[in-house]
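Encoded as structure tokens, the structure appears first; notes follow it.
Throughout, read-outs are computed from the coordinates displayed, never taken from laboratory work. Quick caveat: nothing in here was measured; it's all calculated off a predicted structure. Cβ: placed from backbone, ideal geometry, glycine included. Neighbour counts: every protein chain shown.
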Amino acid sequence: MAAKLTLRWPLSWIADVVNTIGPLFIGLLDCKARTAETNLAWPRRSRSGRDDFISAETLLLTLHRYATFSKSRAMENKVKALEQQNQDLKGEVDQLKEQMTQMFQLLSSSNVAITTMAG
């Protein structure tokens, strides 16, 4: 029978976590009404009536999921910003092409006028 290893967090470590990365835990363990302090410091009652403390594995997996989610959201936002910037640049290029075409037409018509006057 495999024994489940649970880690009982020392109070000093809990205080450090709450002060440094505590806000990350708010709502991450599906406890919207609880704060980081209650999620980490207070045990949860299991069906057997025992106190179940958050295991180190659960804590690390939660942190990893949150970090991965945050990174993917940040990358999505960067991609959207770059796509918008690309669209803006395409619009500017189209405007410059149109201006170039107009200038070419003006130069052509003035060259024709100069050639006609000189001839």
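Remark: the Gln105-Lys90 segment gains 3.1 nm on full extension, using 0.36 nm per residue and subtracting the alpha carbon distance. For Phe104, neighbours were defined as the other residues whose beta-carbon sits under 15 Å from its Cβ, and their charges (Lys and Arg +1, Asp and Glu -1) total 0.
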